[in-house]
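The values are calculated or read from the model by the stated rules, or taken from the named source; none is laboratory data. What you see is a predicted model; the values in this text were computed from it and never measured. Counting neighbours? That spans all protein chains shown, and the Cβs are built from the backbone with ideal geometry, glycine included. The accessibility values were calculated without ligands, DNA or RNA, using every heavy atom of the protein model including side chains. Shrake-Rupley method; radii C 1.70, N 1.55, O 1.52, S 1.80 Å.
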Amino acid sequence: MADVPFSVATPTIGSTPWGAQNNAALSALGSRVATHEAAYGVSLDAFSGPSDDAKFSAALTYATQQTYKPTIVMPNRLITFNQKQTMFNGFSISGPPGTGSEFRYNQKIKVSVPGSGWLDQPAGTVKGIYIGNLSFEGDSNTSFFVDYDNTGPVLWASLLENLGFNLFKHVIWGAHNAVTFAGYWDVNNGYDTQFKLWGSDGNYWTDGMLIDSPNYPTGNVYHIYLVNVTKTAVGPVFITGKSNICPMRIDGGRGIVVTGARMEAQQGNPTWGSQLLVTGGKFIRVRDCWYFNGMSQPNTTGHANAAYDKGIITITGGSNILIEGCMFSTGDGSQTSATPAGTPHVYIGGGTSIRVRNLQSSDAPNVVRNTAVSAATIVTDSDVTVTVG
């Protein structure tokens, strides 16, 4: 199937149509257009069906039959999907060239699969997935991917780029190996932890992401939750943690580098507790990150463990952890912060071999360790005093 995406009208010179001698040229032009479509993707609207779900099912059936899987191109219009679909090796969907990741300008794909997710994975591994240049809108009962944990299928060697997500329960919960999130991402108005990720060798949001405006429930919720992730780079990302939402949590893993993340809260809508929580792991680096307006009421977060909300950055476990070049702002005369004076910038409640270097803050850097943590396990700059509290 290689439908030409537009008709080629017979051209004229003045008011005179080209003669029959030009039919061969017109035929060649149509052939080049068809070849272009085959090379760069086939339009969803090239497939027949009474609904967008039916068209997409037909398109995916066609794609699975090809040796080299074509990209299914979503047109610039409102598209509605209500049927779960299962991905396969080489699954590829994209918007047209130039489509932005914001959820209201170029096109929008509305997804509603209550109690489930839209895109499922077969058991084992699925490889070579591409999803790019698209904007999606969900609902409070729908996840973008079907949710899995580390015991489920593994997404492998895949690329997701330039994506927008609005109003989803979750975006991606699952295990990955060598997956890259690239381009610019925009994630807004989610109803629960948007990203809960396991796996290794990833590169997440290497060009940036804005994640904002949560509608999360009470309790332990996070924008980005990394569980036993290894040898993975994260950032730069701009994460707005409002009320009880902690922008980022790291549980275990090895070789995680978080770079250039801005984990903050809007003026007037502070983060009640910590803005970065590290509960364990080995060889974790948090570098050149920004923090503002956290820890406004850490005793009323509703989180299960009060030990998780002791500082803007709270560390409760792990070894070989580096916090370097991070910036802690009070608003600096431009914004008003709800962070109480004297709040620890970095609180170390557990862990070993922890280095805290080159902090910048609007006031004096404030590093605090729990009495159970040995002073010898923490290394700081010579002008920073670690207090006990």
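Listed by chain and number, the aspartates and glutamates whose C-alpha is less than 12 Å from the C-alpha of residue 282, apart from same-chain residues fewer than 8 away, are 251. Computed per residue of the chain from DSSP H runs no shorter than four, each worth -39500 (n - 2.57), the mean residue ellipticity at 222 nm is -2500 deg cm²/dmol. Expressed as a whole percent, the accessible area of the chain that falls on carbon and sulfur atoms is 50 (1.4 Å probe). Beyond a 22 Å Cα-Cα separation, which of these cross-linked pairs lie in this structure: 108/242; 169/310; 242/310; 69/127; 84/231? From 108/242; 169/310; 242/310; 69/127; 84/231, over 22 Å: 108/242; 169/310; 84/231. If R0 equals 41 Å, the separation of the Cβ atoms of residue 353 and residue 54 corresponds to a calculated FRET efficiency of about 0.10. About its Cα centre, the stretch 234-389 has a charge dipole of approximately 440 debye under the convention of +1 per Lys or Arg Cβ and -1 per Asp or Glu Cβ, with nothing else charged. The residues packed around residue 266, meaning those with a beta-carbon under 11 Å from its beta-carbon, carry a net charge of -1 if Lys and Arg are +1 and Asp and Glu are -1. For the chain, the convex hull drawn through the C-alpha positions has a volume of 164 cubic angstrom per residue. Considering only 333, 325, 281, the Gaussian network model of the chain with Cα springs below 10 Å gives its largest mean-square fluctuation to 333. If only the Cβ of Lys and Arg carry +1 and only the Cβ of Asp and Glu carry -1, the dipole of the stretch 61-152 around its Cα centre is close to 320 debye.
In the chain, the longest principal axis of the Cα atoms and the axis of helix 52-64 are about 80 degrees apart. With respect to the chain, whose longest principal axis is taken over its alpha-carbon atoms, helix 23-40 is tilted by about 20°. Its Cα centre serving as origin, the chain has a Cβ charge dipole (Lys and Arg +1, Asp and Glu -1) of approximately 500 debye. Counted by Cβ distance under 14 Å from residue 90, the other residues give a net charge of +2, where Lys and Arg count +1 and Asp and Glu count -1.
Based on protein heavy atoms only, the chain ends up with 42 Å² per residue of surface accessible to a 1.4 Å probe.
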